[in-house]
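Colleague: Structure provided below as structure tokens; questions to follow.
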Amino acid sequence: MGQYDANDSGATSDPFSRFWVDLMSKMSSAPFAPSASQMQDDAMKRTRQAFFDAWAQHCDEFLRSDAFLDVLKKSMDSALAFKQELNEFMTKALHDQQMPARSDTDSILVVLRSMEDRVLERIDRLSHRVDALESSVSGASPDAASGKRRPKGVPQ
Amino acid sequence: MSVTFPQFMPWMTTPDQMQEHWMGFSRKMAHLPKAMEVARRVRVGATPSAAVYRLDKLRLLRYVTDVEPQHSTPLLVVFALVNRPYILDLRPGKSVVSHFVNRGFDTYNLDWGVPSDGDRFLGMEDYVEGYLDSVVDQVRSRTECDKINVLGYCMGGSMSAMYAALHPEKIKNLILMAAPVDWSNREYLLAKWTDASVFDVDKLMQVYGNAPAELLQGSFQLLKPVSTLVEKYFTFYENLEDEKFLEDFFAMETWLNDNIPVAGEMFRQFVKYCMQQNLLIQGKLRIGERIVDLRKIVCPVLNLTATQDHLVPPELSLPFNDAVGSTDRKSINFPAGHIGLAVGTKANRELWPSVCDWLAERD
């Protein structure tokens with residue numbers, strides 16, 4: 001069966017009608033494709049496969065459509081707005097009970113990470129100074145390799 | 001010449017066929033407890049492994065084998081952050097890892113671990129310049145090799161490419177497997193959904209912290225809804241009496257449903273800078289203080305893509321070969337899907353032995 005041609009002026013413009021016409025034409029032709037001897041055994045499977053193929057093709061078309069992208073954006077915006085309100089409510093409720101909320105642990109994490117960055121930068125600078133001192137003593141060129149961004153883990 | 005009833009209307013079911021279908025249905029239903037037993041005893045992971053290094057939540061797994069080492073350069077497998085890495089070693093006969101292990105490669109696999117809320121600030125620099133660099137150094141020091149082989153799958157391939165560009169001196173051969181690097185094709189479905197006009201990744205991360213596993217899983221399923229939500233279960237029903245099929249099916253389902261969140265900042269940066277702004281292939285992606293310049297990759301490159309890949313279509317991966325500075329570069333566009341590239345019977349029979357040959361020739 002040929003694919004639906006969106007530019008075909010004779011084709012119907014209603015998406016469901018397009019889907020239905022395409023689906024029915026594919027399904028009705030599917031059992032006749034191979035030899036007659038195989039027809040009875042495979043007819044159902046081929047008809048079903050044709051149905052799935054047509055369905056998948058039209059799903060793909062729909063998932064790419066502006067209408068779906070618009071719905072996707074609006075539903076995500078609504079879900080995020082709801083979740084944000086919920087977060088704010090939970091934060092307020094926890095704070096009212098003098099308990100820490102996620103925003104508090106986030107603040108601590110941010111402080112820890114910036115502290116880690118500062119410590120690592122300081123270690124890097126010290127490491128370079130030690131390299132320079134060692135090279136001046138031994139006469140070799142200092143190792144230009146920079147220090148690690150994160151500390152080493154534990155070999156097992 | 002007479003025309004019989006079923007020949008005239010082949011879509012109509014004859015009484016004989018109805019009886020046959022009913023018998024088939026009864027046989028399958030009788031097999032249901034067996035299927036449930038298979039589901040209970042299904043195990044994932046074909047090759048024995050041991051954790052040889054840990055850093056925060058990540059584990060470096062080394063595959064244990066009796067096969068004599070035949071190659072001097074070890075292989076590090078880098079998986080994506082969105083799922084578990086055991087898809088590359090799912091079951092006997094469906095294991096990418098076992099090909100390398102059986103050919104005498106000292107093989108390691110990087111398990112990133114499961115990020116918690118506290119890991120939401122981990123970004124690309126932490127993963128590429130921090131974790132991945134530490135793991136590469138660990139493999140280098142364990143094996144006393146200056147350079148190692150890296151195989152990156154999917155998002156892990158993109159991260160491996162970034163790493164290879166930043167540290168070319170540590171990579172001997174680079175294999176990318178369905179790894180996206182060029183998102184200039186905006187007709188690709190995931191690109192449409194993640195377009196900046198539709199998907200506000202900053203807001204999502206601000207509200208959720210990490211990228212929720214359910215969101216990622218749902219999005220991937222929705223890319224091919226008929227296949228993943230309907231057709232699959234028809235195939236399952238038809239093969240309900242086939243124990244081998246059931247074992248593979250449940251192993252795959254275990255992996256598909258074993259989703260993990262992605263660290264928020266990493267997800268935000270990957271979506272924003274790679275998927276939306278396409279900075280990687282343009283040589284404008286910045287990690288820490290350094291620009292990722294793919295031309296600095298001069299090692300041999302093998303780029304594996306799958307023709308039926310709906311998650312990472314070949315056009316997202318193939319431009320990589322033109323962007324690198326290597327002269328020894330090859331791409332294989334294999335007839336499979338995104339996951340089929342790893343677990344497909346044909347891929348395991350034809351593709352991976354040839355990939356092992358490619359790597360062995362460059363040891």
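Colleague: Radius of gyration and Dmax for the stretch B:19-176's Cα atoms, expressed in Å?
Modeller: 19.6, 69
Colleague: Normalized C-alpha radius of gyration of the stretch B:202-278, against 2.2 N^0.38 Å? Each step should come with its number before you reach the end.
Modeller: Working: Rg = 16.6 Å, N = 77, 2.2 N^0.38 = 11.5 Å.
Taking N as the residue count of the stretch B:202-278, the ratio is 1.45.
Colleague: For the stretch B:7-111, state what percent of all Cα-Cα pairs lands in each successive 10 Å bin, counting from 0 Å until the bin that includes the largest distance.
Modeller: Answer for the stretch B:7-111: a P(r) of 13, 29, 18, 13, 13, 11, 3 percent.
Colleague: A further question follows. Past the 17 angstrom mark, what percentage of all C-alpha to C-alpha distances in the stretch B:94-139 do you count?
Modeller: Working: 522 of 1035 pairs.
Beyond 17 Å sits 50 percent of the P(r) for the stretch B:94-139.
Colleague: Only Lys, Arg, Asp and Glu count, each charged at its Cβ (+1, +1, -1, -1), so figure out the dipole size of the stretch B:262-332 about its Cα centre, rounded to 20 debye. Numbers along the way, then the final one.
Modeller: Values: 9 positive and 7 negative charges, 46 e Å.
For this selection, approximately 220 debye.
Colleague: For B:K34 and B:N185 in one chain, what is 0.36 nm times their gap in residues minus the Cα-Cα distance, to one decimal in nm? Spell out each step's value before the answer.
Modeller: Numbers: separation 151, 0.36 × 151 = 54.36 nm, distance 4.63 nm.
Between B:K34 and B:N185, full extension yields an extra 49.7 nm.
Colleague: Calculate the dipole size of the stretch B:57-204 relative to its Cα centre from +1 charges on Lys and Arg beta carbons and -1 charges on Asp and Glu beta carbons; express the result in debye to the nearest 20.
Modeller: About 460 debye.
Colleague: Looking only at Cα atoms, what is the convex hull volume of the protein assembly as shown per residue, in Å³?
Modeller: On the way: hull volume 109.1 nm³, N = 519.
Given the Cα convex hull of the protein assembly as shown, per-residue volume reads 210 Å³.
Colleague: Also, I was wondering about something else. Going by amide H atoms built from the backbone, whose H comes under 5 Å of the H on B:L151, apart from near neighbours?
Modeller: Sorted by chain and number, the residues that satisfy this are B:L76, B:V77, B:V78, B:I175.
Colleague: Sticking with this one: Kindly write out, for the stretch B:253-261 in residue order, the coupling ³J(HN,Hα) from the Karplus curve 6.51 cos²θ - 1.76 cosθ + 1.60 (θ = phi - 60°), rounded to whole Hz, with x marking Gly and Pro.
Modeller: 5, 4, 5, 4, 9, 8, 8, 10, x
Colleague: To the nearest whole percent, what portion of all C-alpha pairs in chain B is separated by more than 25 angstrom?
Modeller: Numbers: 37129 of 65703 pairs.
I get 57 percent for the Cα pairs in chain B exceeding 25 Å.
Colleague: Let me ask something else. Sort B:V42, B:V139, B:V82, B:V97 by Cβ crowding within 10 Å, fewest neighbours at the top. All intermediate terms of the calculation are to be shown ahead of the outcome.
Modeller: Values: B:V42 17, B:V139 24, B:V82 20, B:V97 27.
Listing B:V42, B:V139, B:V82, B:V97 from fewest to most nearby Cβ atoms yields B:V42, B:V82, B:V139, B:V97.
Colleague: Moving on. Relative to the compact globular guide of 2.2 N^0.38 Å, what is the alpha carbon radius of gyration of the stretch B:286-345, as a ratio? Working shown, then result.
Modeller: Working: Rg = 13.6 Å, N = 60, 2.2 N^0.38 = 10.4 Å.
Dividing the Cα Rg of the stretch B:286-345 by 2.2 N^0.38 Å gives 1.30.
Colleague: Among the GluC sites (Glu not before Pro) within the stretch B:84-189, which fall in a DSSP loop and have no more than 14 other Cβ atoms within 10 Å of their own Cβ? Please list the in-between numbers first.
Modeller: Values: sites: B:E125, B:E129, B:E144, B:E169, B:E187; in loops: B:E144, B:E187.
Passing both the DSSP loop test and the Cβ count: B:E144, B:E187.
Colleague: Bins of 10 Å, beginning at zero and ending with the bin holding the largest distance: percent of Cα pairs per bin for the stretch B:207-363, please.
Modeller: Histogramming the stretch B:207-363 at 10 Å steps yields 9, 26, 34, 24, 7, 1 percent.
Colleague: Between B:N333, A:V111, B:V355, whose Cα lies farthest towards the positive end of the dipole of the protein assembly as shown when Lys and Arg beta carbons carry +1 and Asp and Glu beta carbons carry -1, centred on the Cα centre?
Modeller: Farthest towards the positive pole: A:V111.
Colleague: Follow-up question, since we're still on this one. Tally Lys and Arg at +1 and Asp and Glu at -1 over the other residues with C-beta under 14 Å from the C-beta of B:F250: what net charge comes out? Mind showing how you got there, number by number?
Modeller: Numbers: positive: B:K34, B:R40, B:R41, B:R43, B:R91, B:K94, B:K232, B:K244; negative: B:E37, B:D242, B:E243, B:E247, B:D248, B:E253, B:D258.
Once positives and negatives cancel, what remains is +1.
Colleague: Further question on the same structure: Taking Cα centroids, how far is the stretch A:72-98 from the stretch B:55-90 in Å?
Modeller: What the calculation gives is 40 Å, centre to centre.
Colleague: Mind checking the dipole of the protein assembly as shown: about its Cα centre, +1 per Lys or Arg Cβ, -1 per Asp or Glu Cβ, Debye to the nearest 20? Could the numbers behind the result be given before it?
Modeller: Numbers: 58 positive and 69 negative charges, 143 e Å.
Charge dipole, the protein assembly as shown, about its Cα centre: 680 debye, nearest 20.
Colleague: For B:G123, list long-range residues whose amide hydrogen, built 1.01 Å from N in the peptide plane, is under 5 Å from its own amide hydrogen.
Modeller: Under 5 Å from the amide H of B:G123 lies no amide H from a residue far enough along the sequence or on another chain.
Colleague: Other chains near A:43-49: what is the mean number of their Cβ atoms within 10 Å of each residue's Cβ?
Modeller: Details: counts 7, 5, 2, 1, 2, 2, 2.
Partner-chain Cβ atoms within 10 Å, mean over residues of A:43-49: 3.
Colleague: Another one. Put +1 on the Cβ of each Lys and Arg and -1 on the Cβ of each Asp and Glu in chain B; which of B:P74, B:L151, B:A342 then has its Cα farthest toward the positive end of the dipole?
Modeller: B:P74
Colleague: Stokes-Einstein at 20 °C, 1.002 mPa s, Kirkwood radius from Cα pairs: D for the stretch A:47-113 in µm² s⁻¹?
Modeller: Working: Rh = 15.8 Å.
Stokes-Einstein gives a translational diffusion coefficient of 136 µm²/s.
Colleague: If packing is taken as the average count of other Cβ atoms within 10 Å, what order do B:276-283, B:203-210, B:107-114, B:252-259 fall into, highest mean first? Write down the numbers at each step before the final one.
Modeller: On the way: B:276-283: 17.4, B:203-210: 19.5, B:107-114: 22.1, B:252-259: 15.8.
Most protected by this proxy first, the peptides run B:107-114, B:203-210, B:276-283, B:252-259.
Colleague: Another question, then. Against the longest principal axis of chain B, how steep is helix B:213-223, in degrees 0 to 90 to the nearest 10, with axes from Cα atoms?
Modeller: Once rounded, the angle reads 60 degrees.
Colleague: For B:W22, B:W358, what ranking results if the residue with the fewest other Cβ atoms within 10 Å of its Cβ goes first? The partial results should precede the final answer.
Modeller: Details: B:W22 10, B:W358 16.
Sorted ascending by nearby Cβ count, the order is B:W22, B:W358.
Colleague: Okay, moving on. For every other residue with a beta carbon closer than 10 angstrom to the beta carbon of B:K34, add +1 if it is Lys or Arg and -1 if Asp or Glu, then tell me the sum.
Modeller: Numbers: positive: none; negative: B:E37, B:E241, B:E243.
Taking every Cβ under 10 Å from that of B:K34, the sum is -3.
Colleague: Additional query: Per-residue HN-Hα couplings for the stretch B:186-194, Karplus 6.51 cos²θ - 1.76 cosθ + 1.60 at θ = phi - 60°, whole Hz, x for Gly and Pro?
Modeller: Couplings: 8, 7, 5, 4, 5, 5, 5, 5, 9 Hz.
Colleague: Oh, and also: What does the charge add up to near B:P115, with Lys and Arg as +1, Asp and Glu as -1, over the other residues with Cβ less than 11 Å from its Cβ? Each step should come with its number before you reach the end.
Modeller: Details: positive: B:K57, B:R120; negative: B:D56, B:D117, B:D119, B:D126, B:E265.
Taking every other residue near B:P115 into account, the sum is -3.
Colleague: Using only Cα atoms and rounding to the nearest 10 degrees, what angle (0 to 90) does helix B:155-166 make with the longest principal axis of chain B?
Modeller: For B:155-166 against chain B, the angle is about 20 degrees.
Colleague: Non-local amide H neighbours of B:S331 (under 5 Å, H modeled in plane, Pro and chain starts lacking H): which ones?
Modeller: Long-range HN contacts for B:S331: B:N303.
Colleague: Quick one: work out the % antiparallel among DSSP beta bridges in chain B, nearest 5.
Modeller: Of the beta bridges lying entirely in chain B, close to 40 percent run antiparallel.
Colleague: Charges on Cβ only, +1 for Lys and Arg, -1 for Asp and Glu, centred on the Cα centroid of the protein assembly as shown; of B:M23, B:L304, B:V136, which one is farthest towards the dipole's positive end?
Modeller: Checking the options against the dipole of the protein assembly as shown, the answer is B:V136.
Colleague: Work out how far the C-alpha atoms of the stretch B:49-139 reach from end to end along every principal axis, then list the three figures in whole Å, largest first.
Modeller: So the three principal-axis extents are 42, 27, 18 Å.
Colleague: In addition: Restricting everything to alpha-carbon atoms, can you work out Rg to Rh for the stretch B:127-221 with a Kirkwood hydrodynamic radius?
Modeller: Over the Cα atoms of the stretch B:127-221, Rg/Rh equals 1.07.
Colleague: Oh, and also: Taking a ≥ b ≥ c as the square roots of the eigenvalues of the Cα gyration tensor of the stretch B:90-248, is the shape rounded (a/c under 1.5), prolate (a/b larger than b/c) or oblate?
Modeller: Details: a/c = 1.97, a/b = 1.15, b/c = 1.71.
Oblate, since a/c reaches 1.5 and b/c is not below a/b.
Colleague: Could I ask something else about it? Report D for the stretch B:53-100 in µm² per second (integer): Stokes-Einstein, Kirkwood Rh on Cα pairs, 37 °C, 0.692 mPa s.
Modeller: Numbers: Rh = 12.6 Å.
Once the numbers are plugged in, D ends up at 261 µm²/s.
Colleague: What is the helix-to-structure angle for B:32-41, meaning the angle in degrees between its Cα long axis and the longest Cα principal axis of chain B, kept from 0 to 90 and rounded to the nearest 10?
Modeller: Compared with the principal axis, the helix lies near 20 degrees.
Colleague: Would you mind ranking A:T91, B:T235 so that the residue whose beta carbon has the fewest other beta carbons within 10 Å leads the list?
Modeller: In increasing order of surrounding Cβ atoms, one gets B:T235, A:T91.
Read-outs throughout are calculated quantities, based only on the coordinates presented, and are distinct from any laboratory measurement. Computed from a predicted structure; not experimentally measured. Reconstructed Cβ throughout: ideal geometry from the backbone, glycine too, with neighbour counts over all protein chains shown.
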